[in-house]
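All of the numbers you see were taken from the coordinates with simple rules; none came from a lab. Since we're looking at a predicted model, the values are computed, not measured. Glycine gets a Cβ as well: all are built from the backbone with ideal geometry, and neighbour counts include every protein chain shown.
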Amino acid sequence: MNKKIYREAFGFPAFVLLLIILATLIDEIFALPMPFPASLIPLIIGGGYICYDTLQTVRRTRTVTTGILVVLALIGTIFTGEYMEGAEVSFMMLLGEALEDFTMEKTRLTADALLASLPASSKTGGHVSGDGGHVQRLADHFSKYFLPVILGICAVVFLFTRDISRVMSILVIACPCSLVLSSPAAVLSCVINAARCGIILPDGETVERLGAAKSVKPSPEGGLYRTDNGLTLGCSADADIIFAEKCSTASLSYALAVTRKARTIILENIVLFACLVNFAGITLSSLGLLPMVPGALLHNGATVCVLLNSIRLIRWKPKA
């Protein structure tokens, strides 16, 4: 199973990287005669896949997604003749997506396996979703306005500089992958941590609400506790948060602590990595200080930081 996950996630990016290496040998090292630059091949294959996948998403969701920013940047490299830069950006974006998919899938499989092994897990069916929290809905709402704002910034930059390279760099950096992952990655890590202690958290909405709760009191219903924002906790399968073994003060405290930590990590992901890093990258690109390929590297770096910051929650323990 692990080999299959690796192959599905990293097989195509590895193929595109091989094409880039071959193109470098043909165009720059040996300078072999070709009817067209060899770097156009990995650009068409890697960039073509990104464009196809983005357009399929647009068709399926009937909305213009922020992935269209990268598509515009790749189209720009064809018009400017910067084929190798376009190929390198395609590889970096594919690699970043592969890292996201691989990390999230491994985390989700771990969470599902832990939940399935716990008694009284019928409420989740042994599966958990990292989606559905308030932060996720906020990010989705924000994305509706993000695309026109970025396109507006690009228009202003081009109007004053007439530098299409700056515009393409902004387009690559601005794609908000790190923002989209900020909540789901932290939620899944929180679910794994809690499941190891016999606590079943079914979805992102529950994690965020429990983390925001200020008090927990015994409920008139037998064996249940209720938070001030309406969540129920207990050994009953009807509870929002299920304790697989026993409901004690220690388990209540742990559930509150780990979900509050998850909320903190989500906030860190959004402020430090999704917003601050990308804002800095867009500013530097606008000033002509960050070319497109290093910009793609910065973009992937922010995404990786979100993933690493989130999965550290898996091993987190509250201080005594």
Mind ranking 303-316, 275-288, 186-199 by how tightly packed they are, going by the mean number of other C-beta atoms within 10 angstrom, highest first? 186-199, 303-316, 275-288
Rounded to the nearest Å, the spacing of the alpha-carbon centers of the stretch 11-57 and the stretch 247-293 is 34
Can you find, among 173, 104, 120, the residue farthest towards the positive end of the dipole of the chain? Put +1 on the C-beta of Lys and Arg, -1 on that of Asp and Glu. 120
Taking R0 as 45 Å, what FRET efficiency do you get between residue 80 and residue 314 from their Cβ-Cβ distance, rounded to the nearest 0.05? 0.55
Label points 7 Å out from Cα along the Cβ direction at residue 138 and residue 102: separation in nm? 3.2
By Cβ neighbour count within 10 Å, fewest first, 92, 84 rank 84, 92
Per-residue Cβ contact counts at 10 Å, fewest first, order 144, 319, 261 as 319, 144, 261
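Under unit Cβ charges (Lys, Arg +1; Asp, Glu -1), what dipole magnitude, rounded to 20 debye, does the chain have relative to its Cα centre?
1000
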A chain fully extended from residue 18 to residue 304 at 0.36 nm per residue, minus the present Cα-Cα distance, gains in nm 100.7 nm
Here the stretch 299-312 yields Karplus 3J(HN,Hα) values (6.51, -1.76, 1.60; θ = phi - 60°; whole Hz; Gly and Pro given as x) of 4, 5, x, 5, 5, 4, 4, 4, 5, 5, 5, 6, 6, 5
Report which label in (1) 28, 26, 19; (2) 44, 21, 15; (3) 35, 26, 17 holds the value of semi-axes √(5λ) of the Cα gyration tensor in Å derived from the coordinates of this structure. (2)
Cross-link partners of residue 217 among lysines (Cα-Cα below 29 Å; sequence separation of 8 or more within a chain): 123, 246, 261, 317, 319
Restricted to the chain, the DSSP antiparallel beta bridge percent, nearest 5, is 75
From phi via Karplus (6.51, -1.76, 1.60), per-residue ³J(HN,Hα) for the stretch 226-232 in Hz, x at Gly/Pro: 9, 7, 5, 9, x, 7, 10
Once you place label points 7 Å from the Cα toward the Cβ at residue 289 and residue 56, how far apart are they in nm? 4.0
Placing +1 at every Lys and Arg Cβ and -1 at every Asp and Glu Cβ, with all other atoms neutral, what dipole size does the stretch 226-320 have around its Cα centre, in debye to the nearest 20? 340
Spin-label model distance (nm) - residue 36 vs residue 160, 7 Å beyond Cα toward Cβ: 3.7
Determine the relative contact order of the chain: mean sequence separation of Cα pairs under 8 Å and six or more apart, normalised by residue count, in whole percent. 20
Sum -39500 (n - 2.57) across every DSSP H segment of at least 4 residues in the chain, then divide by the residue count to get the 222 nm mean residue ellipticity, nearest 500. -21500 deg cm²/dmol
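I'd like the FRET efficiency for residue 149 and residue 219, computed as 1/(1 + (r/R0)^6) with the beta carbon distance as r and R0 of 30 Å, rounded to 0.05.
Calculated value: 0.05.
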List 21, 200 from most exposed to least, where exposure is judged by having the fewest other Cβ atoms within 10 Å. 21, 200
